[in-house]
Amino acid sequence: MSSLSRDRLKVVDAVFTVRDVEEQQAGSRLHVKQMEILRLKTEIEGLKERRKAVLLHQGRDVLRGRLLLDALFKISLDRARRLEALSLQAAVLLGDWRQARTRKDAAEAFRERRRRERELVLTRRDDMAVAMLAAARSQRENTLEEEDLCEEC
């Protein structure tokens, strides 16, 4: 195989490696954002449970209970806004990850096509070498047979 052919394969492999790293990084960013969303959803559910508990157990200190409910509600609203923002960010990251995955798949398909082409060229060269060897052997055998015939004459 020529050095040019090997260099082309190295370039194709390098492009695939870059695309693979891009896809992994995009997937990691998406995963981190999804974990952040999950944590925030869990926190919001906890706040809802606390509000329910405060409503069920209001005792003599009504003012304190109302202040606590107000604070819990404000925190819940803040978390809901953050959750909405994170969800939008996750949607963008999902799009980025899908694009990176598509580019990686395209690079992988290109790499495989180049490898098949290389294997085909090598197979053709092997076949040609075998055919040339067989032709040379046949020619040699014919020459030896003719020499043997000439010696007998």
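Some observations on this one:
- Descending Cα extents along the principal axes, the stretch 96-153, whole Å: 85, 5, 5
- Volume of the Cα convex hull of the chain, divided per residue and given in Å³: 117
- Whole-Å semi-axes of the stretch 56-111's equivalent ellipsoid (Cα gyration tensor): 50, 9, 4
- Relative contact order [Cα under 8 Å, 6+ residues apart], the chain, whole percent: 40
- Helix 3-56 and the longest principal axis of the C-alpha atoms of the chain enclose an angle of approximately 20°.
- When the solvent-accessible area of the chain is split by element, carbon and sulfur atoms take up 56 percent of it, the probe being 1.4 Å.
- Convex hull volume of the Cα atoms of the stretch 1-40, normalised per residue: 30 Å³.
The values are calculated or read from the model by the stated rules, or taken from the named source; none is laboratory data. These numbers were taken from a predicted model, which means no experiment stands behind them. Accessible surface is based on the protein model in full, side chains and every heavy atom, while ligands, DNA and RNA are left aside. Shrake-Rupley method; radii C 1.70, N 1.55, O 1.52, S 1.80 Å.
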